[in-house]
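Undergrad: Sharing a structure, written as structure tokens. Questions coming.
The values are calculated or read from the model by the stated rules, or taken from the named source; none is laboratory data. This structure is a prediction, so every number in the text was calculated from the model and none was measured. No Cβ is skipped: glycine too gets one built from the backbone with ideal geometry, and neighbour counts run over all protein chains shown.
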């Protein structure tokens, strides 16, 4: 066992969920790190897409967002918004869409738009491509901090649809089916039950107790009889992360 | 050969003073048509109906300067630097009319406009509160319909947008209006949908250069209304292959725009007090700082010490 940070564990856990030859829409931060790690380990033929029209960059410098040309370095292809989110995403070519957000609910719906307050609401970033990515990606991976106010029964605003109201409701309102929604937090990996599509624990990170997960979750969730423990990062993965992928430790 | 080059002040004077419909091409902190937006603020445009794929500093400035009565966009930010504080507050206080989309859905409205199609069918927005809000506001831009081709299949019909004007900032164009956009072109559908497209560019190149590289032209002269040469016209946002974003001013703006009083001070100090874009540059940075933003031609962004100085 090697020493690692929680962010490194999250990046590795997300990386393990990715498969070779998948097409992945990512944003900046841990999703980007996880995807590059997968490319450097078990998924060398994985493709990266940014929503505003960048395909398969191989950045060597970290930037402040996908609007930073540092993240476009050595791209294979530049296109338009419709070229990326239309011709690639809407056509059904995207296997995994990474998303973040202010809140996620018990059916995997995400809010990145606003949070209700005592006298109204506070408006934040909004959708950008997030709503589209949730609509058309075959799998939705969410990376976020595990906090009571962030994992809730009902989100204040549905920006991106997960399983909508559970069961078959997503398909019933006319949306394409979604194979899986996974939420990778600093405490555990959450998934959704097969029939009801209700939030459940997939695995708990090493050293984290079930009580700790319960205390920090604002939604009721299903607990398997014997929750798995999240696989630990290997020495090789940690070395790649620390020496090659994020040497300045901006995200790990 | 028709020459479409005009001066910035002259171009902005073509935008009606009250109620003009304008689409802006910025994306977070890159290729924002800042020089054009600032000049619209100086000329005191009112009740603008703004459209953008993603809200950026240009949009936030215009909203903060009380130039806007309607905004359709898909959200936005200043990336890591911060939020679009003026837009967010306008939504919270309901002081302007806002239609919120997803990035693809508003881009598809521009695409339909660019293709001369009346509307475009899609699945995106279904189940979202963006759709609920648009329907509750009885927006005429969106209808959920049954598919004409299969049973029990819900489709979102998005009405085309053909804005009276679009403004984008690009690396170069020739005098005829053949435009070269380097890097991703999130603003292409928006640009092509406009009735009149203004393009501010870093530099005007010869038609000989265009004819040497016609495959690099994203927008043909036929689709361009006017070309305006404004070096550093997107500053403090960045232009790929030209210059980096200017962190110092973006940080200052990201603080100022969280509060109307601070924003107004920023507006007065840097925009209203400057007579043109060159003056704006002089008021916001030193010549050394400006030159330090220059990119390495291989990377498309500044490297080494230069890149680090701007962190």
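Undergrad: Restricting the search to the stretch B:134-167, which residues are within 30 Å of residue B:14 (Cβ to Cβ) and either away from chain A (no Cβ under 13 Å) or modelled with pLDDT under 95 (or both)?
TA: Those that are within 30 Å of residue B:14 (Cβ to Cβ) and either away from chain A (no Cβ under 13 Å) or modelled with pLDDT under 95 (or both): B:139, B:140, B:141, B:159, B:160, B:161, B:162, B:163, B:164, B:165, B:166, B:167.
Undergrad: Sticking with this structure for a sec: Is it fair to say residue B:270 is in contact with a strand residue (DSSP E or B) (Cβ under 9 Å, 6 or more places away or on another chain) and either modelled with pLDDT of 95 or more or crowded, with 20+ Cβ neighbours inside 10 Å (or both)?
TA: no
Undergrad: Of the residues B:131, B:61, B:108, which single one is within 20 Å of residue B:251 (Cα to Cα) and either modelled with pLDDT of 95 or more or crowded, with 20+ Cβ neighbours inside 10 Å (or both)?
TA: Of the residues listed, the single one that is within 20 Å of residue B:251 (Cα to Cα) and either modelled with pLDDT of 95 or more or crowded, with 20+ Cβ neighbours inside 10 Å (or both) is B:61.
Undergrad: Do you know which residues across the stretch B:290-311 are within 28 Å of residue B:43 (Cβ to Cβ) and outside any loop (DSSP other than H, G, I, E, B)?
TA: Residue satisfying the conditions is B:290 alone.
Undergrad: Answer with yes or no whether residue A:148 is assigned to a loop (DSSP other than H, G, I, E, B), out of contact with any helix residue (DSSP H, G or I) (no Cβ under 8 Å at 6 or more places or on another chain) and more than 7 Å from chain B (Cβ to nearest Cβ).
TA: no
Undergrad: I've got another one for you. Can you tell me which condition residue B:187 does not meet? The list is (1) within 13 Å of chain A (Cβ to nearest Cβ); (2) surrounded by fewer than 24 Cβ atoms within 10 Å (Cβ to Cβ), and all the others hold.
TA: Tallying (1) within 13 Å of chain A (Cβ to nearest Cβ); (2) surrounded by fewer than 24 Cβ atoms within 10 Å (Cβ to Cβ), residue B:187 fails exactly one: (2).
Undergrad: Take the residues in the stretch A:24-41 that are touching a strand residue (DSSP E or B) at 6+ places or on another chain (Cβ under 7 Å) and part of a loop (DSSP other than H, G, I, E, B); name whichever of them is surrounded by the most Cβ atoms within 10 Å (Cβ to Cβ).
TA: Checked the stretch A:24-41; the qualifying residue surrounded by the most Cβ atoms within 10 Å (Cβ to Cβ) is A:26.
Undergrad: Quick check on my filter: what residues within the stretch B:115-128 are facing another protein chain (nearest Cβ under 9 Å) and surrounded by fewer than 24 Cβ atoms within 10 Å (Cβ to Cβ)?
TA: B:122, B:123, B:126
Undergrad: Just need a number here: residues in the stretch A:229-248 that are loosely packed, with under 14 Cβ neighbours inside 10 Å and either free of Cβ contacts under 8 Å to residues at least 60 places away in the same chain or assigned to a loop (DSSP other than H, G, I, E, B) (or both).
TA: The number of residues fulfilling the criteria is 5.
Undergrad: I would also like to ask the following. Any idea which of (1) buried (at least 22 other Cβ atoms within 10 Å of the Cβ); (2) more than 7 Å from chain B (Cβ to nearest Cβ); (3) at pLDDT 95 or above is the one residue A:54 doesn't satisfy?
TA: Residue A:54 satisfies all of (1) buried (at least 22 other Cβ atoms within 10 Å of the Cβ); (2) more than 7 Å from chain B (Cβ to nearest Cβ); (3) at pLDDT 95 or above except (2).
Undergrad: Turning to a different aspect of this structure: From the list B:104, B:50, B:126, exactly one residue is outside the structural domain of residue B:17 (by TED's automatic domain parsing) and without any contact (Cβ under 8 Å) to a residue 60 or more places away in the chain. Which is it?
TA: Result: B:126 is the single residue among B:104, B:50, B:126 that is outside the structural domain of residue B:17 (by TED's automatic domain parsing) and without any contact (Cβ under 8 Å) to a residue 60 or more places away in the chain.
Undergrad: Of all residues in the stretch B:196-224 being in a loop (DSSP other than H, G, I, E, B) and touching a strand residue (DSSP E or B) at 6+ places or on another chain (Cβ under 7 Å), which is farthest from residue B:37 (Cα to Cα)?
TA: B:205
Undergrad: Then there is this: Consider residue A:113 against the criteria (1) within 12 Å of another protein chain (Cβ to nearest Cβ); (2) out of contact with any helix residue (DSSP H, G or I) (no Cβ under 9 Å at 6 or more places or on another chain); (3) modelled with pLDDT of 95 or more: it satisfies all of them except one. Which criterion is unmet?
TA: (2)
Undergrad: If you go through the stretch B:5-44 one residue at a time, how many are in contact with a helix residue (DSSP H, G or I) (Cβ under 8 Å, 6 or more places away or on another chain), crowded, with 19+ Cβ neighbours inside 10 Å and in a loop (DSSP other than H, G, I, E, B)?
TA: Number of matching residues: 6.
Undergrad: For the stretch A:81-105, which residues satisfy the criterion of being touching a strand residue (DSSP E or B) at 6+ places or on another chain (Cβ under 9 Å) and in a loop (DSSP other than H, G, I, E, B)?
TA: Scanning the stretch A:81-105 gives A:93, A:94, A:95, A:100, A:101, A:102.
Undergrad: Still on this structure, I have one more. Filter the stretch A:85-96 for residues that are surrounded by 21 or more Cβ atoms within 10 Å (Cβ to Cβ) and within 8 Å of chain B (Cβ to nearest Cβ) and give the result.
TA: Selection gives A:85, A:86, A:89.
Undergrad: Assigned by TED's automatic domain parsing to the domain that holds residue B:54, surrounded by fewer than 24 Cβ atoms within 10 Å (Cβ to Cβ) and more than 23 Å from residue B:38 (Cα to Cα), is that true of residue B:155?
TA: For residue B:155, the condition - assigned by TED's automatic domain parsing to the domain that holds residue B:54, surrounded by fewer than 24 Cβ atoms within 10 Å (Cβ to Cβ) and more than 23 Å from residue B:38 (Cα to Cα) - is not met.
Undergrad: For the stretch B:285-298, indicate whether the set of residues that are under 15 Å from residue B:61 (Cβ atoms), away from every other protein chain (no Cβ under 14 Å), surrounded by 15 or more Cβ atoms within 10 Å (Cβ to Cβ) and at pLDDT 95 or above is non-empty.
TA: no
Residues checked against (1) at pLDDT below 95; (2) farther than 17 Å from residue A:109 by Cβ; (3) outside any strand (DSSP E or B):
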| residue | (1), (2), (3) |
| --- | --- |
| A:156 | no, no, yes |
| A:167 | no, no, yes |
| A:170 | no, no, yes |
| A:174 | no, no, yes |
| A:183 | no, no, no |
| A:206 | no, yes, yes |
| A:214 | no, yes, yes |
| A:225 | yes, yes, yes |
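Undergrad: Right, another one. Working only within the stretch A:58-83, note down all residues that are more than 8 Å from chain B (Cβ to nearest Cβ) and at pLDDT 95 or above.
TA: A:74, A:75, A:76, A:77 - these are the residues of the stretch A:58-83 that are more than 8 Å from chain B (Cβ to nearest Cβ) and at pLDDT 95 or above.
Undergrad: Can I ask one more? Restricted to the stretch B:166-184, and to residues that are within 16 Å of the chain's Cα centre (by Cα) and surrounded by fewer than 24 Cβ atoms within 10 Å (Cβ to Cβ), which residue is nearest to residue B:226 (Cα to Cα)?
TA: B:171
Undergrad: Right, here's the next one. What number of residues in the stretch B:64-82 are surrounded by fewer than 21 Cβ atoms within 10 Å (Cβ to Cβ) and facing chain A (nearest Cβ under 7 Å)?
TA: Result for the stretch B:64-82: 1.
Undergrad: Go through the residues of the stretch B:225-244 one by one and say whether even a single one is over 27 Å from residue A:66 (Cβ atoms), at pLDDT 95 or above, more than 14 Å from every other protein chain (Cβ to nearest Cβ) and part of a helix (DSSP H, G or I).
TA: no
Yes/no matrix, rows are residues, columns are (1) within 14 Å of another protein chain (Cβ to nearest Cβ); (2) at pLDDT below 95; (3) more than 30 Å from residue B:108 (Cα to Cα):
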| residue | (1), (2), (3) |
| --- | --- |
| A:2 | no, yes, yes |
| A:14 | no, no, yes |
| A:27 | yes, yes, no |
| A:31 | no, yes, no |
| A:43 | no, no, yes |
